[in-house]
Amino acid sequence: MSEPSDEQAAMQHYLVCGTEDCQKNGQFYCNACHRPLCEQCRNEHQKNPNTKNHEIVLYRHRKHQLPVEKCKDHPRRNIDIFCKQCQIPLCSKCSTMEVHNGHKFDDLEDIYTEKYTLWQGEFSKIQKYFLPTSQDLKTDIEEDATKIKKIMESIRTFMKAKAESLKNLVDEATSENIEHTHTMEKSLLQKLKSQEKTYDDYIAYLWKMSDEFQEYLSIPNQKLLFSKTLKIQPIPETTKPVPPVFTAGQFNKDDVAKLLGKVNVPNTKPEKRKIQPMEAVTTHMKSTEKKLEQSTEKSDVKQTLSLSSSVTKVREYSVPGVVNAFHVSVDKSDRLWVSDDKGNLIQTDLQGNQLQKIQTRGQSAGWHTVTQDGNLIYIDRDKKVIYRITPDKKITEFIKTGEWTPLSVHSSRINGDILVGMIGQVTRYSQAGKEIQNIQRDNQEQKVISILYYITENINGDICTSDLLKQAVVVVNKSGQYRFSYTGQGSRFSPWVICTDVLGHILVYDGVSKSVHLLDQDGGFLSVILSEQQGIVFPCGLCVDDENNLYVGQFDTNTVTVYKYLQ
């Protein structure tokens with residue numbers, strides 16, 4: 001199997017193992033065979049007597065295969081070594097010649113790999129630092145040019161307006177009258193602002209009432225029989241303002257030029273445009289490499305984990321600022337984000353201390369996720385926009401989904417891709433927010449998904465969803481082909497929140513049996529790990545962290561409970 005070019009490899013989101021008929025993720029690389037290997041094939045490679053001495057490394061640390069070049073003096077030999085004294089490449093036959101007797105040689109492939117890595121690093125700097133930074137500076141200049149044009153046009157408009165009103169008759173009373181109009185305007189606007197707040201408060205009240213109606217109507221519950229009758233308050237009345245009337249006075253020609261004023265440029269030193277230092281970019285790149293190495297080390301730990309005979313409660317704490325813990329996303333920095341159905345989005349540490357609060361227009365389902373870089377991504381369903389919050393608390397518009405309404409979002413732990421569940425489709429975006437895959441139908445042209453309120457990805461690249469319309473857990477592979485559906489253990493099944501763990505288990509809450517089901521990665525039912533016996537009522541949030549802790553957030557309480565179910 002020939003090695004793909006680096007450009008092709010960069011475009012691939014799943015590197016396939018080089019072993020024949022193996023389609024698993026090839027995260028390792030054999031430098032002797034020059035082919036990628038999955039974890040299982042790596043283990044077999046190391047056990048095989050013929051290949052046990054081969055050097056196997058992470059794919060990103062691989063040696064790049066030396067381009068084939070025939071020796072001119074020995075056409076049947078490939079040039080593969082480098083004479084340090086003569087500073088020329090040779091074949092192994094050339095190295096035995098008398099002219100190279102006693103010389104030291106280097107492996108030409110090692111030199112090629114070193115050079116390749118060096119050039120790749122420089123290329124990466126261009127792509128990740130120089131080009132983006134220069135483009136940002138150019139954009140900054142364009143924005144400044146647009147701003148200057150708007151400022152000058154507004155100055156000209158203002159001058160013309162003043163000249164028109166003052167060109168014949170100007171006196172001292174004009175200034176006083178103008179100042180008086182500002183006072184009157186401020187008073188009238190304050191009154192209108194007060195009326196606007198009245199309707200803002202009333203609209204907020206209506207949304208609250210709507211949420212209460214929706215709560216009783218969307219979740220079948222006997223509470224509806226005994227609830228008090230909800231009465232809607234009437235729309236508040238307000239009055240329209242009486243606009244002022246200008247009564248023209250008598251004017252005299254005087255000091256027209258002085259009253260019109262003049263334009264000048266302030267004597268201020270220009271501010272230098274900020275250029276981000278390259279050190280910050282390279283440090284981030286090194287940090288990312290370290291994380292990848294650590295994640296590979298953790299893959300070896302998977303073999304020692306298994307299901308525990310019982311589920312143990314580790315800790316429990318309340319999250320300030322939310323009405324109920326509807327959705328939970330765990331950050332790798334031992335922090336988590338918790339949201340409710342009122343638009344409150346709270347970042348807290350593992351002791352329950354509030355670190356950050358954001359008021360959003362998000363919904364109650366799986367509408368936020370934490371990325372590999374520690375960014376939080378959340379959905380505004382009404383605007384059909386996905387926002388991103390960086391660790392320094394900067395909020396930016398990240399993805400626009402066009403005509404499609406985003407319902408749920410998940411950041412891949414495999415490659416950082418962003419999966420967005422919608423009504424009727426799943427869309428995959430790159431870490432930069434570019435659409436790279438759209439899944440609506442399988443290879444039989446059958447529509448495989450309907451309404452995806454929760455979405456996640458398994459360790460094998462499968463996309464796992466809870467489909468409210470189909471009342472099933474629907475799973476497709478990384479190519480979008482239908483794999484299986486899980487419809488529960490009884491006659492009725494209502495899947496809600498869904499997540500996966502380090503062993504490939506699928507965890508899903510069933511609203512009918514009020515329990516959390518544990519499935520294997522092929523959809524086989526394994527066990528019920530949480531039920532009403534453990535005190536859960538309606539877990540809307542399920543999330544597993546890197547230490548295999550299960551976080552459970554519930555409706556009607558701001559409490560998050562942490563469990564251990566693996567040992």
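The values are calculated or read from the model by the stated rules, or taken from the named source; none is laboratory data. None of these values were measured; they are calculated from a predicted model. Cβ: placed from backbone, ideal geometry, glycine included. Neighbour counts: every protein chain shown. Surface accessibility is based on the protein's heavy atoms, side chains included, excluding ligands, DNA and RNA. Shrake-Rupley method; radii C 1.70, N 1.55, O 1.52, S 1.80 Å.
With r defined as the distance between the Cβ atoms of Glu547 and Asp373 and R0 fixed at 25 Å, what FRET efficiency is calculated, to the nearest 0.05?
Working: r = 20 Å, r/R0 = 0.78.
Computed FRET efficiency for Glu547 and Asp373: 0.80.
Rounded to the nearest 0.05, what FRET efficiency is calculated for Lys150 and Ser430 with R0 set to 45 Å and r the Cβ-Cβ distance? Walk me through the intermediate numbers first.
Details: r = 35 Å, r/R0 = 0.77.
Taking R0 as 45 Å, the efficiency between Lys150 and Ser430 is 0.85.
Where does the stretch 379-524 land on Rg(C-alpha)/(2.2 N^0.38 Å)? Intermediate values should be presented prior to the final figure.
Working: Rg = 15.1 Å, N = 146, 2.2 N^0.38 = 14.6 Å.
Against the empirical 2.2 N^0.38 Å value, I get 1.03 for the stretch 379-524.
Along the Cα-to-C-beta direction of Ile275, a point sits 7 Å from the Cα; which residues of the stretch 137-162 have their amide N less than 18 Å from that point?
137-142
Evaluate the distance, in nm, between pseudo-label points positioned 7 Å from the Cα of Glu69 and of Leu526 along their respective Cα→Cβ axes.
Reported label-point gap for Glu69 and Leu526 is 5.3 nm.
Taking all protein chains together and a probe of 1.4 Å, list Ser479, Ser466, Ser430 from the most accessible to the least accessible. Let's see the in-between values first.
Values: Ser479 75, Ser466 0, Ser430 20 Å².
Accessible-area ranking of Ser479, Ser466, Ser430, largest first: Ser479, Ser430, Ser466.
Tell me the label-point distance for the pair Asn43, Ile141, using the 7 Å Cα-to-Cβ offset, in nm and rounded to one decimal.
For Asn43 paired with Ile141, the spin-label model returns 5.8 nm.
Please go through the residue pairs Lys478/Lys564; Lys150/Lys191; Lys193/Lys383; Lys274/Lys394; Lys394/Lys478; Lys191/Lys357 and name each one whose alpha carbons sit more than 22 Å apart in this structure. Intermediate values should be presented prior to the final figure.
Details: Lys478/Lys564 29 Å; Lys150/Lys191 31 Å; Lys193/Lys383 25 Å; Lys274/Lys394 17 Å; Lys394/Lys478 32 Å; Lys191/Lys357 31 Å.
Where the Cα-Cα span goes over 22 Å, the pairs concerned are Lys478/Lys564; Lys150/Lys191; Lys193/Lys383; Lys394/Lys478; Lys191/Lys357.
Using a 1.4 angstrom probe, figure out how much accessible area the stretch 41-121 has per residue, in square angstrom, rounded to the nearest whole. All intermediate terms of the calculation are to be shown ahead of the outcome.
On the way: 5900 Å² over 81 residues.
Counting only protein heavy atoms, the per-residue value for the stretch 41-121 is 73 Å².
Work out, step by step, the length gained on full extension between Lys208 and Leu188: first 0.36 nm times the residue separation, then minus their alpha carbon distance; give nm to one decimal. Could the numbers behind the result be given before it?
Working: separation 20, 0.36 × 20 = 7.20 nm, distance 3.05 nm.
Full extension from Lys208 to Leu188 adds 4.2 nm.
Classify the stretch 507-561 as rounded, prolate or oblate from the Cα gyration tensor: take a ≥ b ≥ c as the square roots of its eigenvalues, call it rounded if a/c is under 1.5, otherwise prolate when a/b beats b/c and oblate if not. Intermediate values should be presented prior to the final figure.
Working: a/c = 2.16, a/b = 1.27, b/c = 1.71.
Oblate, since a/c reaches 1.5 and b/c is not below a/b.
Can you give the % of DSSP beta bridges in the stretch 421-541 that are antiparallel, to the nearest 5?
Working: 34 of 34 bridges.
The antiparallel fraction comes to roughly 100 percent.
What are the extents of the Cα atoms of the stretch 11-95 along their three principal axes, listed from largest to smallest and rounded to whole Å?
Each principal axis gives a Cα extent; for the stretch 11-95 these are 44, 35, 23 Å.
Starting from the Cα-Cα distance between Glu196 and Thr157, subtract it from 0.36 nm times their residue separation and give me the gain in nm to one decimal. Display every interim value, and only then the final one.
On the way: separation 39, 0.36 × 39 = 14.04 nm, distance 3.03 nm.
Gain in length upon complete extension: 11.0 nm.
Mind ranking Leu419, Leu58 by accessible surface for me, highest first, 1.4 Å probe? Write out the running numbers ahead of the final one.
On the way: Leu419 0, Leu58 30 Å².
Ranking Leu419, Leu58 by accessible area, largest first, yields Leu58, Leu419.
So if R0 is 56 Å, what FRET efficiency would Arg76 and Ile126 give, r being the distance between their Cβ atoms, rounded to the nearest 0.05? Walk me through the numbers on the way to the answer.
Working: r = 40 Å, r/R0 = 0.72.
It comes out at approximately 0.90.
For Phe484 and Trp404 in the same chain, what is the full-extension length gain: residue separation times 0.36 nm, less their Cα-Cα distance, in nm? Please list the in-between numbers first.
Working: separation 80, 0.36 × 80 = 28.80 nm, distance 2.49 nm.
Full extension of this stretch gives 26.3 nm more.
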